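Some notes on the structure that comes next.
Where a number appears in this text, it was derived from the coordinates with a stated rule and is not lab data. Here the structure is a predicted model, which is why all the values come from computation and not from measurement. Note: ideal-geometry Cβ built from the backbone for every residue, glycine included; neighbour counts use all protein chains shown.
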């Protein structure tokens with residue numbers, strides 16, 4: 001039988017399973033399932049999952065604002081925040097070719113949206129019940145997983 | 001309605017189990033584990049069914065599903081943002097429950113020597129699991145209600 005990647009069989013030793021959408025968007029592997037703001041001492045609760053709160057938490061991590069039509073400075077990557085209020089948040093990142101991609105939790109990264117369409121614009125993509133919030137710039141790196149933002153999923157982890 | 005129960009018994013008796021991976025071997029001794037696949041940023045919701053009553057109740061609901069012979073695709077689980085189903089693993093084969101079951105909006109698949117598909121028309125399996133997660137304080141009432149809405153819409 002063909003092996004299919006399934007969430008429940010996610011071996012904790014696998015990078016994919018320990019790094020979520022926020023890790024992926026920031027191109028920063030922490031293996032701690034990074035949470036916005038935690039690196040700056042902000043612990044978001046479920047009620048805090050709003051555009052404003054998650055956005056502020058990401059700013060606290062070091063991400064910087066950018067306009068929808070603007071470009072991020074060299075060495076940084078444009079990322080997009082979406083939120084389903086009171087439920088969860090999700091991040092997208094813009095890749096070198098200008099298209100967008102995402103990593104939904106423990107699942108593999110993909111450049112397709114919920115309608116299996118390529119993501120040209122996260123504001124117009126099929127994001128299910130997650131609503132678009134805003135864009136930010138993240139200090140990335142040429143090397144996979146080596147982004148420079150101070151994100152973490154472990155509040156006891158020292159910041160970079 | 002009895003299709004699943006018969007097929008389960010048949011598969012356990014007549015078909016050898018799939019060879020287990022190292023991961024699956026590592027999961028032995030952990031009982032029946034449930035994963036609700038619904039978040040992206042937040043950690044995966046995982047908990048164990050450690051009461052026989054819970055497992056028996058789940059078995060009853062699974063047994064009421066109707067077998068499907070013409071399911072198209074390799075898995076019932078979609079690749080979407082948001083609710084994407086529930087997985088239940090039972091590497092110890094407790095109580096005759098399949099060693100793997102997945103369900104998404106009433107579409108059920110089991111892997112237990114065979115890969116079979118079923119239909120839970122009233123979403124009873126998912127409703128049971130989500131409500132259990134709420135009673136185990138894994139999710140809030142609001143999230144429970146959102147999940148139930150996602151499952152049944």
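Relative contact order for chain A: what is it in percent, counting Cα pairs under 8 Å that are at least 6 residues apart?
It rounds to 32 percent for chain A.
Across all directions, the average flat footprint of the convex hull enclosing the Cα atoms of chain A is 9.8 nm².
Please report the spacing between the Cα centers of the stretch B:35-109 and the stretch A:48-88 in Å, no decimals. Cα centroid of the stretch B:35-109 versus Cα centroid of the stretch A:48-88: 34 Å apart.
Multiplying each eigenvalue of the alpha-carbon gyration tensor of the stretch B:30-85 by 5 and taking the square root yields semi-axes of 22, 21, 8 Å, largest first, rounded to whole angstroms. Computed from the Cβ-Cβ distance with R0 of 22 Å, the FRET efficiency linking residue A:47 to residue B:145 stands at 0.90. Placing pseudo-labels 7 Å out from each Cα toward the beta carbon at residue B:136 and residue A:16 gives an inter-label distance of 2.4 nm. Across peptide B:53-66, how many C-beta atoms of other chains are within 10 Å of each residue C-beta, on average? Mean partner-chain Cβ count within 10 Å for B:53-66: 0. Take each residue in B:91-99, count the other chain C-beta atoms within 10 Å of its C-beta, and the mean is 0.
In peptide B:134-146, how many Cβ atoms from other protein chains are near each Cβ within 10 Å, on average?
Neighbouring Cβ atoms belonging to other protein chains average 2 per residue here.
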